[in-house]
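The values are calculated or read from the model by the stated rules, or taken from the named source; none is laboratory data. All of these numbers come straight from a predicted model, not from anything done at the bench. Cβ atoms come from the backbone with ideal geometry, glycine included; neighbour counts cover every protein chain shown.
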Amino acid sequence: MSSDDDDNPFHGLYQFFAGSGNDGTPSIPVSDPPAKNSSAPTSYTPAQVKGLVDEANGFATDLYNRYVVTPGGHTAAEKAKDLARAQQLQGQLSQMLQGALPQSTATGQNYENNIHGASDYLLHAAVNSGIGWHVQIPEAAGGAAFGFDNNELPDSGLVPPQKIGPLY
Amino acid sequence: MRSVQVLFCLSCLLVPFGAWAADDVDVSPFFGTFKTMCADTRADPDAVVKAVSGAGGLASAPVKVDNTIAKEWRISIGGRVMLVSSSAGKSPAGAHRERQIIDCEITSLNDERANLADFAKWAGVGSEPDTSSATSYAFQEREGAHLANTGNDSDEHWVLAIHPGERVTTVQLMHVMAVAP
């Protein structure tokens, strides 16, 4: 194993990362992203990538547990707070993908894969949780964009079900 | 700090996508649903819609976030409630590049930690996933066989991620396209 691998929390063909984010690994403070350099993409360390990925995965799992597995009893304020957190994490993941990611000498794609995965996992968790992620019908399907806020969402843990129809 | 686990690609290799036939009787409903909805469809959003329609899924309204469109369904198979999620979109791949990514996820509202070995086998790995933390597998696919990654960050590839939990488990299959010039 190379010295580069020793710094790579995702090393190995198969990447393992703690979904709970509570393994003591240093993580990026969500409110304090790395400073931007106007002339070069922001560079990220392996620990920073793992920290944010763990944060996002852990939060997504938490959303499933609190809203989907145990629906009901959620206040509008709680939903609003969770929505803001999900969107903040999503924005940070997107920003990270535009930066300079550390390279894994062993398998390349590790870092980017984990960021993409966390982004999609979080998006679906947020939507399935019904915390109020903006909802719209794709314009290509002929629908106009629409949205609803947290107070309009049913507290069932899911957005209102619809039978699959010609919309799709 | 939890130790990072490393597995080597010992058995990765040449496992065709179709190796798990629909008539496999010993697989769990969780894996069977993943196979039908995500693997057999190659995570293609249109194919996922057809597959989940056939299973009587109830759809939620589609969501568009940035350049990604996501769709969600709720299904019940074998007495197990599961959520099927599909998304497609373009994602940054560096400061001035992007790549298309399609994603298919199955979330089971059950304890599926005893049913995760089939996923590793499907990906082409002999070792079972960690049941206490997330595991992901990256591989390439050539003519139905799963191969080790090239290590070239820009190449097309696949990622299978497993998020286990006591009350909810999600498996995620991503098809990551080559970086657009």
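What to note about this one:
- Scope region B:151-181; condition facing another protein chain (nearest Cβ under 7 Å) and more than 18 Å from B:ALA39 (Cβ to Cβ); matching residues: B:GLY151, B:ASN152, B:ASP153, B:GLY165, B:ARG167, B:VAL168
- Considering the conditions (1) free of Cβ contacts under 8 Å to residues at least 40 places away in the same chain; (2) farther than 30 Å from A:THR42 by Cα; (3) in contact with a His (Cβ under 9 Å, 6 or more places away or on another chain), B:ALA70 is excluded by exactly one of them, (2).
- Qualifying residues in region A:43-93 (those that are surrounded by fewer than 17 Cβ atoms within 10 Å (Cβ to Cβ) and part of a loop (DSSP other than H, G, I, E, B)) - the one nearest to the other protein chains (Cβ to nearest Cβ): A:THR70
- Residue match in region B:19-34 (condition: in contact with a Leu (Cβ under 6 Å, 6 or more places away or on another chain), more than 9 Å from chain A (Cβ to nearest Cβ) and at pLDDT 90 or above): no
- Selection from region A:58-70 of residues that are in contact (Cβ under 8 Å) with a residue 12 or more places away in the chain and either touching an Asp or Glu at 6+ places or on another chain (Cβ under 7 Å) or of a type in the set (D, E, K, R) (or both): A:LEU63, A:ARG66
- Applying a threshold of 8 Å to beta carbon distances and a minimum spacing of six or more residues, or different chains, the list of pairs starting in region B:100-116 at a residue that is over 15 Å from B:ALA39 (Cβ atoms) and ending at one that is surrounded by 20 or more Cβ atoms within 10 Å (Cβ to Cβ) and acidic (Asp, Glu) reads B:ILE101/A:ASP120.
- Residues that are surrounded by fewer than 24 Cβ atoms within 10 Å (Cβ to Cβ), out of contact with any Leu (no Cβ under 8 Å at 6 or more places or on another chain) and either not in a strand (DSSP E or B) or not hydrophobic (A, V, I, L, M, F, W, C) (or both), drawn from region B:72-93: B:SER76, B:GLY78, B:GLY79, B:GLY89, B:LYS90
- Note on region B:67-105: residues that are more than 7 Å from every other protein chain (Cβ to nearest Cβ) and among the acidic types (Asp, Glu) total 1.
- Only residues that are surrounded by fewer than 19 Cβ atoms within 10 Å (Cβ to Cβ) and facing chain A (nearest Cβ under 7 Å) were counted in region B:35-60, giving 2.
- Of the residues making up region B:21-71, those that are on the phi < 0 side of the Ramachandran plot, within 19 Å of the chain's Cα centre (by Cα), part of a loop (DSSP other than H, G, I, E, B) and among the aliphatic types (A, V, I, L, M) are B:ALA21, B:ALA22, B:VAL27, B:ALA55.
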